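Structure, as structure tokens:
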Amino acid sequence: MQAESIVAGERLFTFAIIADSHVTEEEASAIGGYDVDTVRLGVARSRYVVQELNQLAPDFVVPLGGIPPPEPGTPAYEESAARFHRVYDDLTCPLYLVPGNHDIGEKAFPGEPLFDQHAQRTVNDAMIAEYERHFQAQYFSFEHEDCVFVVINGMIVNSGLACEEEQRVWLEGLLKANQDRRIYVFSHYPPYLSHADEPGHYDATDEPGRSWLLGMLEEHKVEGFWAGHVHNFFFNRHGPTSCYVLPSICFLRHDYHELFGVAPGMKQGRHDGAKLGYAVVEVYGNGHLHHIVRTHGRSLEPDETLPAPSNDLPMVHGLAPREQAVGLYLRQPWCDSADIPTPWGLDAFRRKRIRNDYPLMALWEMGVRDLRVPLDDLADPATRKRMTELAALGHRFTAYTYGLPKGGARDALVEHGSILAAWEVVAPTVGIAGLLAGIADLKGEIPVFFNASRVFAESFSSSHGLQADERGAVEAVLALNGARAAIDGVVFGIARDEAPAQAIETACRSVEGLGVKAAVHVQFAHRRPLDPEESERADANRIAESVVGAMAHGDVTVFLDNFTGIDRGYYFCGGLVDRLYNPLDGARIVRHLHAVMDAGCTLEAVRDDAGFRVVQVQTADGQRTLLLPKASSETGTLPSGLSREVGRWIDLASGDDAPADLAGPTLVMHDKT
């Protein structure tokens, strides 16, 4: 059966994690193919992160290694370490350091022949001693709020050094002694990036150490494992353990831009600033939420001070314990893989096929839990495995088919359909009667939604979903012999020229008292290219109104069809994210509305007034007014009954206080009376 979110209870505390700061000496030379300017950005970007963390005030901070290139034993190591301390000593909370390959030496490649220059850079006792002289112990543990936090040296795994065995014995004993407590582990190296049985490579722990480490996580039910090194985001669920790989706060590993089907730009991708950031982890009574805070490569000079934040909206997450939020149709592949041509270590002689987890990161950041996919995804073994992992954490998948599935898709529905939140059957209204018996035979306990398909007369294309006011059509379908046993809900489609909030409300009324639920698809695609400014404004307004409509109707699932935009083919639409899965205004609008709107709020009125579309909503914390400008509007033309002197005005694209001229969707949070 579909699982609920594994996160529950009161929030207990918060900690932060940063990775690969690459603070180095002032006269650094280029390393690993990176230009000198990139390397020197480490200090300025770390300075920004330190001040932002002080504003967030976590209980403690854990840097995951990659602290100061170059490695121990080089002349610049001591100066790099000193510069790191000069920046990070400004933190106002405890700091617990994890050793990385630049800090303590490269990992060993067990059983492989190495050139002398490789062996000289491999971790050894002298490097470890120098690291501990400048930083902290290579492995240790600490406690906070009755939780156990464990720092290990991932570089010595498989090294054959005496300290590898010492760390192994220490870790096994520590985990066994605390097996009834919540445990979190930090290492520079991840066990793996996409699959536990993937071949060994430069960016993961090799065998036999990988199996030993994963066995420890499984046996002792470790709750979370965090790693860095790869300068990119990855997530895996290994048994009871959520395993995260963090992006860097300094620069991106640009070899991983092979994950995307567009040219990298930004110095071959290493200055893709939207992917730079750190993690904030909220620990709850049960489970935790891992948020990536994007820094966009911001930096501070020594005499600069970070101003107070203008966006103080709470963070949201797709796995947060909330019932209502807008869902997304994943039209394009959302967990596909690519070969990553990393030139370091032994990777140049092997294939390294890695899954793209940036779509998942974007979904979590927006607070999106409900996902609509073709049943083909359930039939594909790799995608099905990912769906199973995410459904167990609380994601809700709706899989759709045209008519009854056949072959492998049918087998997948029968054997694995239990992980689905719903099965959506797309078919012409005139053809649904002949499918009802087959649906009933296949559905098991899966709720089934009927999605009416209509073919356009002038072309070989179609739209789907009943119109919001077609209650009569719903009644006619339910009157068919066998319909009540087969159909649990009906899909309504909101065309691009329809107003979403009122249509969602009308769709709810169209199934009221009929014993079935409603699902609503909000369509953004259009047949002809539109003026970019007009299209962006219309999409932003439509996104905002759809989210508010979804939040006001907890008994309906609302899907937007524009997760990624379409800029080629026969239809066009803007996206919530770009082709690099970096957030656009649409994604930020979704996130900010999920942050400030209560589930179960009430839609009170929708009207057009003074160049705005106005949506009024009542929440538990007071009235909210959504303003959707039809064009850039000055303060003198506000809708009736509103004043900039009353309430808080939020620009939904930025999360900041709204400017004087309202150019995009704006939420007015009225003072509670």
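Here are the numbers for this structure:
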| read-out | value |
| --- | --- |
| Three-way shape call for region 106-205 based on the alpha-carbon gyration tensor, with the a/c threshold at 1.5 | oblate |
| Value of relative contact order over region 526-600, rounded to a whole percent, pairs C-alpha under 8 Å and six or more apart | 34 |
| Listed peptides 441-450, 260-269 by packing density, highest first (mean Cβ within 10 Å) | 441-450, 260-269 |
| For the chain: relative contact order, % (alpha-carbon pairs under 8 angstrom, 6 or more apart) | 10 |
| Net charge over other residues, Cβ less than 9 angstrom from the Cβ of residue 295 (K, R count +1; D, E count -1) | +2 |
| Normalised per residue, the volume of the convex hull around the Cα set of the chain (Å³) | 170 |
| Amide proton proximity set for residue 182, modelled H, under 5 Å, gap of 5+ | 148 |
| Percent of alpha-carbon pairs separated by more than 17 Å within region 469-587 | 59 |
| Rounded to the nearest 20 debye, dipole of region 102-243 from Cβ charges on Lys, Arg, Asp, Glu | 240 |
| Beta bridges per DSSP with both ends in region 476-576, % antiparallel, nearest 5 | 15 |
| Proximal lysines to residue 176, defined as alpha-carbon separation beneath 19 angstrom and excluding residues fewer than eight positions away on the same chain | 221 |
| Sparsely packed GluC sites (Glu not before Pro) within region 578-664, loop by DSSP, other Cβ within 10 Å at most 11 | 634, 645 |
| Which of 602, 398 is most accessible, then next, and so on - probe 1.4 Å | 602, 398 |
| Anisotropy class of region 148-278 from Cα gyration tensor, a/c 1.5 cut | prolate |
| 10 Å-binned pair-distance histogram of region 461-539 (Cα, whole percent) | 17, 42, 26, 11, 4, 0 |
| List 292, 589, ordered by accessible area with a 1.4 Å probe, largest first | 292, 589 |
| Placed amide H near residue 424: partners under 5 Å, 5+ positions off or other chain | 399, 400, 401, 449 |
| Tensor-based shape of region 292-406 (alpha-carbon gyration tensor, a/c under 1.5 rounded, otherwise prolate or oblate) | oblate |
| DSSP-loop GluC sites (Glu not before Pro) across region 273-326, with at most 13 other Cβ within 10 angstrom | 304, 323 |
| Cross-link table 630/672; 385/517; 352/385, entries beyond 24 Å C-alpha to C-alpha | 630/672; 385/517 |
| Relative contact order (percent, whole number), region 369-435, Cα cutoff 8 Å, 6+ residue spacing | 37 |
| HN-Hα J in Hz across region 552-569 - Karplus 6.51, -1.76, 1.60, θ = phi - 60°, x for Gly and Pro | 7, 9, x, 9, 9, 9, 10, 10, 8, 9, 10, 3, 10, x, 10, 10, 8, x |
| Heavy-atom accessible area ranking, 1.4 Å probe, most first, across 84, 572 | 572, 84 |
| Karplus (6.51, -1.76, 1.60) ³J(HN,Hα), θ = phi - 60°, over region 163-175, in Hz, Gly and Pro reported as x | 5, 5, 5, 4, 5, 4, 4, 4, 5, 4, x, 5, 5 |
| Residue 290 accessible area, 1.4 Å probe, all protein chains in place, Å² to nearest 10 | 10 |
| Residue-wise HN-Hα coupling along region 357-362, computed from phi with Karplus coefficients 6.51, -1.76, 1.60 (Hz; x: Gly, Pro) | 9, 5, x, 5, 4, 5 |
| Region 410-454-region 54-92 distance, computed between alpha-carbon centres (Å) | 56 |
| Percent antiparallel among DSSP beta bridges (both partners in the chain, rounded to 5) | 55 |
| Long-range amide H partners of residue 293 with built H, under 5 Å | 278, 279, 280 |
| Cβ crowding within 10 Å averaged over residues, with 135-145, 189-199 ranked highest first | 189-199, 135-145 |
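The values are calculated or read from the model by the stated rules, or taken from the named source; none is laboratory data. All figures in this text were calculated on a predicted structure; none of them were measured in a lab. Neighbour counts run over all protein chains shown; Cβ positions are idealised from the backbone, glycine included. Just the protein is used for accessible areas: all its heavy atoms, side chains included, with ligands, DNA and RNA removed. Shrake-Rupley method; radii C 1.70, N 1.55, O 1.52, S 1.80 Å.
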